[in-house]
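The structure under discussion appears below in the form of structure tokens.
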Amino acid sequence: MQIRKNLDFLATLFFETGVTYWAVSPGSRNAPIVAAFVRHGGFELHSFPDERCAAFAALGMSQATGYACGVICTSGTAVLNLYPAICEAFYQRIPMIVLTADRPEELLDQWDGQTIHQNQIFEKHILESFETPQNLGEKECFKDLEKIIYTAVKTSITPILGPVHINIPMRDPIYAGINEPFFQQMPEKHFVFVKPIDTKPDVAFLRAELTQFRRILIVAGQHTADAHMEPYMANIASKFPLLADITSNFSKFGMDGWEMGLQTVDENFDLQPELLITFGLSVTSKKLKQFLRNFPPAEHWHISASGFTGDPFGSNPDTKTIEPISFFETVSEIAEIDNFDYLKSWNDFAEKGKTNYAPLQIKNTIYLTEFEIVRSILKHSDETVTLQIGNSMAIRYAGWEGKTNAEVHCNRGTSGIDGTLSTAVGYALAKPDKKIICVLGDVSFFYDSNGLWTDHLPPNLQIVIINNYGGKIFNYIDGPNQEPALMPLIQTPHKFDAEHIAAHFGIPYFSNTLPFIEEKLIEGLLQNQCCIYEYLIHEDK
């Protein structure tokens, strides 16, 4: 009976910390943990039989709530299936709680079923790993559990967001008292999370620093939507060239056409910045990375409250440990910055780039190409919509369009094709009052279609598949396309569509072939039901 009391107290602790959304995969070893959550009654629990999909669904829930959500799975190889989503959460800086049931340490390497080395298994891609006491079934472990759970949740949400792992070894019998009423035990202390107070930079000092430069470029990488920050970004865009990645959620304030312009940069390019200021995480544009590597700034400041900074441009950034909103609020107050000529030069360059890249634009036609499908979705999505965009060509098309009023998410932490659909399902489950549109390619959809295998498909989710019958990004990338014999092995050519998968999961399905009519697409996306829209693009047409 002691194991039941400890696990019930575990559920109480998670409820106390506010971690109430969970993706659950089936298994005998984790069943007592799930039973505690069920008996408690205060959790949103969603079943995903595929552990890889469950972990990505939990990541989507965390994206939607802006707080740590969790995944629970059984022991053994099931645990390893969580790893792709954990890596994504680690590099995208998404808080997530990973609970894995385990067998006791004396069974390790003894040919016992579903027993592997689980403690510290995610060591390189986790903020911190924890393990509960081995004797949950023998004695009261309330103090240990309270310390572990409170520490784990705080680690996940501050100062750097990310995943934490809690491994729970249990000795048989693990089902003792599983059908008993919930054991009520209150924690010794309430969970208190105090966000560190952010201080604004000194205006006089920042003015003296910034007025030294005449060519200041702002780059916004992947960032969560922040309505409080928007007025400052609008002000910044009036003073500086703002190159806002489509995943930055500030693209509507950014310069229009810069991504298209960078497709045509040559050695005579004369817009090299003196000071580069970046915030957020990765940028999608490979051309932007090449530009800043070829024309490096004299100085590079990266604005990050957590101090977490990558160096994608090889520019040795100086991290300013401050919240971006505080930094840009202060910059907005400085009137003496003379960056107008540089801003005008960038505007002229971007305008020219749009003209040169005219084939990507819609010109008096109702027919849609792959790019135009994505462009149309971005154009017609407003603040009530969240877009979950797949990697490979889908996010590149979105970057070329460059602007939308919708909130945008894409798993650019590791930029894999796995998990896009599952992330969208988890996001929609945690945010039922918002329309979620998942836009992805055919290979991404088929690879992750088990994300639809859940107990409740959210009616606010719509899925748009651009099916060109293979991984056609390899036609776009120089290198693989130069060896014809290689293409069938890496491009995954196929003759499949999603109709039977949709029928299997009971999802309304609509397919379209050429010509694509924009009005038909938008009309379909106005429906209030979970459905799949597939655009079938045959190469010979």
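Test G60 against the stated conditions and say whether it is more than 14 Å from I168 (Cβ to Cβ) and buried (at least 23 other Cβ atoms within 10 Å of the Cβ). Walk me through it before giving the result.
On the way: more than 14 Å from I168 (Cβ to Cβ): yes; buried (at least 23 other Cβ atoms within 10 Å of the Cβ): yes.
For G60, the condition - more than 14 Å from I168 (Cβ to Cβ) and buried (at least 23 other Cβ atoms within 10 Å of the Cβ) - is met.
Residues checked against (1) aromatic (F, W, Y); (2) crowded, with 24+ Cβ neighbours inside 10 Å; (3) outside any helix (DSSP H, G or I):
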{"residue": "S75", "(1), (2), (3)": "no, yes, yes"}
{"residue": "P84", "(1), (2), (3)": "no, no, no"}
{"residue": "F90", "(1), (2), (3)": "yes, no, no"}
{"residue": "T100", "(1), (2), (3)": "no, yes, yes"}
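Output the number of the condition that I490 fails; it satisfies all remaining conditions of (1) under 27 Å from the mean Cα position of the chain (by Cα); (2) farther than 21 Å from P432 by Cα; (3) crowded, with 16+ Cβ neighbours inside 10 Å.
Result: I490 passes all but (3).
Being in contact (Cβ under 8 Å) with a residue 60 or more places away in the chain, over 14 Å from Q462 (Cα atoms) and touching a Lys or Arg at 6+ places or on another chain (Cβ under 6 Å), is that true of even one residue in the range 381-402?
yes
Sort out which residues of the range 1-35 are hydrophobic (A, V, I, L, M, F, W, C), assigned to a loop (DSSP other than H, G, I, E, B) and more than 29 Å from the chain's Cα centre (by Cα), and write them in order of number.
Hit for the range 1-35 is M1, nothing else.
If D112 satisfies every condition in (1) surrounded by fewer than 19 Cβ atoms within 10 Å (Cβ to Cβ); (2) at pLDDT 95 or above but one, which is the exception?
Condition not satisfied by D112: (2).
Could you check the range 158-171 and list, in sequence order, the residues that are of a type outside the set (S, T, N, Q) and modelled with pLDDT under 95?
Taking the range 158-171 first, the residues of a type outside the set (S, T, N, Q) are 159-166, 168-171.
Those that are of a type outside the set (S, T, N, Q) and modelled with pLDDT under 95: P159, I160.
Among residues belonging to the range 243-283 that are of a type in the set (A, V, I, L, M) and part of a strand (DSSP E or B), point out the one that is farthest from K403 (Cα to Cα).
Looking at the filtered set, the residue picked out is L275.
Mind checking whether some residue in the range 175-195 is of a type in the set (K, R) and crowded, with 20+ Cβ neighbours inside 10 Å? Please lay out each step first, then the result.
Looking only at the range 175-195, we keep the residues that are of a type in the set (K, R), and these are 189, 195.
Narrowing the set further to residues that are crowded, with 20+ Cβ neighbours inside 10 Å leaves none.
No; the residues of the range 175-195 include none that is of a type in the set (K, R) and crowded, with 20+ Cβ neighbours inside 10 Å.
Determine, yes or no, whether T330 is in a helix (DSSP H, G or I) and either more than 22 Å from the chain's Cα centre (by Cα) or under 17 Å from A208 (Cα atoms) (or both).
Yes; evaluated as a whole, the condition is true for this residue.
Restricting attention to the range 295-327, which residues are of a type in the set (A, V, I, L, M, F, W, C) and either free of Cβ contacts under 8 Å to residues at least 24 places away in the same chain or in a loop (DSSP other than H, G, I, E, B) (or both)?
Once the filter is applied, which keeps residues that are of a type in the set (A, V, I, L, M, F, W, C) and either free of Cβ contacts under 8 Å to residues at least 24 places away in the same chain or in a loop (DSSP other than H, G, I, E, B) (or both), the range 295-327 yields F295, A298, A305, F308, F313, I322.
Given the conditions (1) of a type in the set (A, V, I, L, M); (2) under 25 Å from L461 (Cα atoms); (3) in contact with a Phe, Trp or Tyr (Cβ under 8 Å, 6 or more places away or on another chain), and given that A36 satisfies all but one, which numbered condition is not satisfied?
(2)
So in the range 441-481, with the set limited to residues that are aliphatic (A, V, I, L, M) and assigned to a loop (DSSP other than H, G, I, E, B), which one is surrounded by the fewest Cβ atoms within 10 Å (Cβ to Cβ)?
Applying the filter and picking the extreme gives I477.
Tell me which residues, restricted to the range 244-294, are in contact with a strand residue (DSSP E or B) (Cβ under 7 Å, 6 or more places away or on another chain) and closer than 20 Å to T386 by Cα.
Result: A244, D245, I246, T247, S248, N249, F250, S251, F253, G254, G280, V283.
If you scan the range 175-200, which residues turn out to be more than 25 Å from A36 (Cα to Cα) and of a type in the set (A, V, I, L, M, F, W, C)?
Of everything in the range 175-200, those that are more than 25 Å from A36 (Cα to Cα) and of a type in the set (A, V, I, L, M, F, W, C) turn out to be V194, I197.
Exactly one of (1) part of a loop (DSSP other than H, G, I, E, B); (2) modelled with pLDDT under 90; (3) assigned by TED's automatic domain parsing to the domain that holds L421 is unmet by D338. Its number?
The failed condition is (3).
Checking Q2 against (1) out of contact with any Asp or Glu (no Cβ under 7 Å at 6 or more places or on another chain); (2) of a type outside the set (A, V, I, L, M); (3) surrounded by fewer than 23 Cβ atoms within 10 Å (Cβ to Cβ); (4) over 21 Å from V425 (Cβ atoms), which test does it fail?
(1)
I need the full set of residues from the range 194-242 which are of a type in the set (D, E, K, R) and part of a loop (DSSP other than H, G, I, E, B), in order please.
K195, D198, K200, D202, R214, R215, D226, K239
Being assigned to a loop (DSSP other than H, G, I, E, B) and under 17 Å from G441 (Cα atoms) is the filter; apply it to the range 482-494 and report the residue that is modelled with the highest pLDDT.
Selected residue: H494.
The values are calculated or read from the model by the stated rules, or taken from the named source; none is laboratory data. All values reported here derive from a predicted model rather than from experimental measurement. Ideal geometry is used to build each Cβ from the backbone, glycine not excepted, and the neighbour counts take in all protein chains shown.
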